1. If one takes the longest principal axis of the Cα atoms in chain A, at what angle in degrees, from 0 to 90 and to the nearest 10, does the Cα axis of helix A:263-277 lie?
2. So what's the range A:18-229 giving for Cα Rg divided by 2.2 N^0.38 Å, two decimals?
3. Could you pull out which residues in the range B:35-75 have an amide N less than 14 Å from a spot 7 Å beyond the Cα of B:N3, following the Cα-Cβ vector?
4. Once both labels are modelled 7 Å past Cα along the beta-carbon direction, what's the A:S124-A:F277 spacing in nm?
5. Stick to the Cα atoms of the range B:4-235, pair each with every other, and give me the Kirkwood hydrodynamic radius in Å at one decimal.
6. Amide H of B:Q58 versus every other amide H placed in the peptide plane: which residues, excluding those fewer than 5 positions away on the same chain, fall under 5 Å?
7. Ignoring everything except DSSP H segments at least 4 long, calculate the 222 nm mean residue ellipticity for chain B; use -39,500 (n - 2.57) per segment, divide by total residues, nearest 500.
8. If I fit a long axis through the Cα atoms of helix A:139-161 and take the longest principal axis of the Cα atoms of chain A, what angle between them do I get, 0 to 90°, rounded to 10?
Amino acid sequence: MTLIQILINGILLGSMYGIAAAGLSLIFGTMRIIFIAQGTVIVFFAFLVYWLFVKAHIDPYLCLLIIVPFAFLVGLGLFYALFLRAAALEDKNVSLLIAVGLMYLIENAILKVWSASPRGINFSYQGAVLAGWGLRLSWVRIGLFALAMVSGLVVYLFLQKTRLGMAVRAAAEDMEATTLQGINSGWVCAVSFAVGIGLAGVAGVGMATVYSFDYQYGFTFALKALVALSLGGIGNVFGALAGGLLLGIIENLSDFYLSIGWTPAVTYGVFILVLIFLPHGLFGKRGVVKKA
Amino acid sequence: MANLLLEINNLSVAYGDIRALMDVSMEVYEGEIVALVGSNGAGKSTLLKTAAGLLRPQAGQIWFDGHDISHMSTKHRVDRGIVLVPEGRRLFQTLTVLENLKLGAYLPRARANYAESLERVFDLFPVLKERANGKAGLLSGGEQQMLAIGRAVMAHPKLVMIDEASLGLSPILTRRIFDLIVALNQQGTTVLMVEQNIHMALNVCHRAYVMKTGHIVLSGTGEELLANVDVRKAYVGERGSKL
Ligand SMILES: Nc1ncnc2c1ncn2[C@@H]1O[C@H](COP(=O)(O)OP(=O)(O)OP(=O)(O)O)[C@@H](O)[C@H]1O
Ligand SMILES: [Mg+2]
């Protein structure tokens, strides 16, 4: 396998981490917590895709049209049911603990509904490969990359070009000052949380097309997204996406040149080193994360 | 007699066990500049924040433009025309100057007047027009204060409450900001300003209230208070600055 092949595989695989990290970044912006249940929520959506595929024979990519709007609504519902009051508190530990509780709740709900055995889907073009220039690229992995790029672009346009997106950026900087403009900051937080969960929906579809997953896989995945977020620097969506791609590359390099057994150690080693030496990430600006 | 615009009746506010305002009453009439002065920790910011809806009163009412707004959300208060320029300006530093101004005109009523308000802000503060597409965080202190006031003007308010416009500014810049506040007032916007720079504040305001540890202890016209021996002793030093 050539180095280029390894790098490209890394980027394609890292797309998943990127989408998840972008969601974490958005949610962190307004809520000031690492939404630790993100990975489990992604796995939950992957199970829904599995269901839609097995029971209704809906093409996994077509599932996006159902899963993403549904995820957005789930996000709004979760925010108003669980986080509205906690998000207004000075002490962010409350929100964090609710997220931990939510993670275990969803894990156990998945366990009850779908059992502990891992699931995955097999569809007709899953094994299709794009070959040429001495490279072999799997189409579903290219699909992951496309999902990441498109959703990154959509979120970027939302944040930069819409009034509500502008309010989200304002709220991420100073919630009280946002309220003082007459803006309903509870709603703004709910929307940014829901967009983050919408991204989890996209990631869930991506996961279903490539991985096999079980009810416990989400936590590991959330940790990887957190590593990607730390690489990219918290507080900017493109940084988070890029951090995901970079993590994918690191993992693939480690798989190939060391061994698969070493990869988790490398991943978390990088995580710790980045936090110690580059606490603002590789692309993050100093002072992006200011007062809560 | 001008209309009574803001009426605060027997207001009490506490942070947990710490009582910050005790039985405070005051009025602001349409067209006035009213100054609220007093030493550190007197409760001035608490009063403005409560009027803006960030804090809930324990007792008392706040009437604005003939309506009891005591239990309204900040959003509905802003919509009725009462806005706060908070202490320390609290701009959205990573957003552009223009985006900050747009956020000031977020509500439908303000948005309907957007073009007109923007022209008014750029007229008052031409430098903001020059810097419109630059990041707010890159403005100088004086410009940041102008933007903070401009952002409030974008809400198309009847009453602008300004908490320590002079914070961190040189006396010359403070003078300029005060001139601009007077200009804003002459265009018909009522102003309630909290100030540490008591001498200058008493000079530009129509009336003033003096606060001390959560109570209003004195009130009168600017001239009356400037002439008042107690005020001079307590707050207006030899060189005319605070304390
Ligand atoms: N968030 C808070 N929690 C607890 N106590 C507070 C809080 N904010 C203010 N206080 C207390 O309430 C009292 C009034 O504070 P406030 O900020 O209103 O004073 P101020 O007149 O604006 O003072 P300054 O001139 O320093 O701005 C002070 O004793 C202060 O310590
Ligand atoms: Mg104050």
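Since every read-out is calculated from the coordinates, none of them should be taken as a lab result. These figures come from a predicted structure and were not determined experimentally. Cβ atoms come from the backbone with ideal geometry, glycine included; neighbour counts cover every protein chain shown.
1. 30 degrees
2. Expressed relative to 2.2 N^0.38 Å, the Cα Rg reads 1.05.
3. Within reach of a label on B:N3, which here means backbone N under 14 Å from a point 7 Å along Cα→Cβ, the range B:35-75 contributes B:64-68.
4. Label-label distance for A:S124 and A:F277, simple model: 5.1 nm.
5. Numbers: mean 1/r = 0.0563 Å⁻¹.
17.8 Å is the Kirkwood radius here.
6. Amide H neighbours of B:Q58, under 5 Å, 5+ apart: B:S12, B:V13, B:A14.
7. Numbers: 11 runs with 93 residues, N = 243.
The per-residue figure over chain B is -10500 deg cm²/dmol.
8. 20 degrees
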